[in-house]
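Below you'll find the structure, written out as structure tokens, and then a few comments.
The values are calculated or read from the model by the stated rules, or taken from the named source; none is laboratory data. Please read these numbers as outputs of a predicted model, since none were measured by experiment. All accessible areas refer to the heavy atoms of the entire protein, side chains included, with ligands and DNA or RNA removed. Shrake-Rupley method; radii C 1.70, N 1.55, O 1.52, S 1.80 Å.
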Amino acid sequence: MKTITIEGQLRSEFGKKATRQIRSEEKVPCVIYGGAETVNFSAPAKAFKNLVYTAAFQIAEIKLGAKTYRCVLKDMQFDVVTDALAHIDFMELVEDKQVNVTIPIKLVGSSVGVKAGGKLVSKLKALKVKTLPKHLVENIEVNIENLELNGNIRVEDVKLEGVEITNSPRIPIASVVMTRQLRQEEATAEKDAKKK
């Protein structure tokens, strides 16, 4: 799994003045929670670029002095005026503690419905899951080989060991719809059959 290393400094001062000072130095105030202690720190805004501006699911290794925390991105806030990153919440990964995260879906295989002339429509980009850190993956592969024309793959069709999917089970992930050309061909074939 892809890991991004972020080097930061522990925060000793809090409040609006201290936070403004951090932001004026082009740093982002952050918090790590979920572990034995809540950790407040700051790090340069550019250090978060590859973590924040991507759809990929990644682990953040946050180095603060001699300690390193393995975390996942939990929440972020942006400045309403400048759109600059204003604050980040991280959830520390603790071996025996479940985490709630959102993991991107990767559709694999070629659908029989597409081979028959249908069009693949991706309806869900990511799944919300609850699992232990050891079961975390970069993306959830969903095999679409058996997806037929006018068929759907739903959340309930995805089975992952040690992972609880928290999305509604009936939500479609992908479907194969009939293309206009295929409908026209079928209509023409029906007309020809009636003439005979």
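Over segment 4-87, Cα pairs under 8 Å with separation of 6+ residues give a relative contact order of 32 percent. Centre-to-centre, using Cα atoms only, segment 96-125 and segment 10-76 are separated by 31 Å.
Hydrodynamic radius of segment 121-196 by the Kirkwood approach over all distinct alpha-carbon pairs: 15.0 Å. Ordered from longest to shortest, the equivalent ellipsoid semi-axes for segment 1-56 are 21, 16, 9 Å, each the square root of 5 times a Cα gyration tensor eigenvalue. Would you indicate which of (1) 214; (2) 155; (3) 140 is the value of volume of the Cα convex hull per residue in Å³ derived from the coordinates of this structure? Read-out taken from this structure: (2).
Using alpha carbons only, the radius of gyration of segment 24-73 set against its Kirkwood radius gives Rg/Rh = 0.95.
Remark: accessible surface ordering of F90, F78 (largest first) is F78, F90, probe radius 1.4 Å. Where q = 0.28 Å⁻¹, what log10 of I(q)/I(0) comes from the Debye formula for segment 81-129, counting one point per Cα? Summing over Cα pairs of segment 81-129 leads to -1.09. Residues R20, R180, R70, R170, sorted by accessible area with the largest first, give R180, R20, R170, R70 [1.4 Å probe; ligands and nucleic acids excluded]. The alpha-carbon positions of segment 22-117 define a convex hull whose volume is 158 Å³ per residue. Does segment 68-165 classify as rounded, prolate or oblate by the C-alpha gyration tensor (a ≥ b ≥ c root eigenvalues; a/c under 1.5 gives rounded; else a/b over b/c gives prolate, otherwise oblate)? Judged from the Cα gyration tensor, segment 68-165 comes out oblate (a/c at least 1.5, b/c at or above a/b). Comparing mean-square fluctuations of K125, K16, K63 from a GNM of the chain with C-alpha springs under 10 Å, the top value falls on K16. Taking the inverse of the average 1/r across all pairs of different Cα atoms in segment 130-174, what Kirkwood radius in Å do you get? Its Kirkwood hydrodynamic radius stands at 11.8 Å. Per-residue ellipticity at 222 nm from helix content only, as computed over the chain with -39500 (n - 2.57) for each DSSP H run of at least four residues, stands at -4500 deg cm²/dmol.
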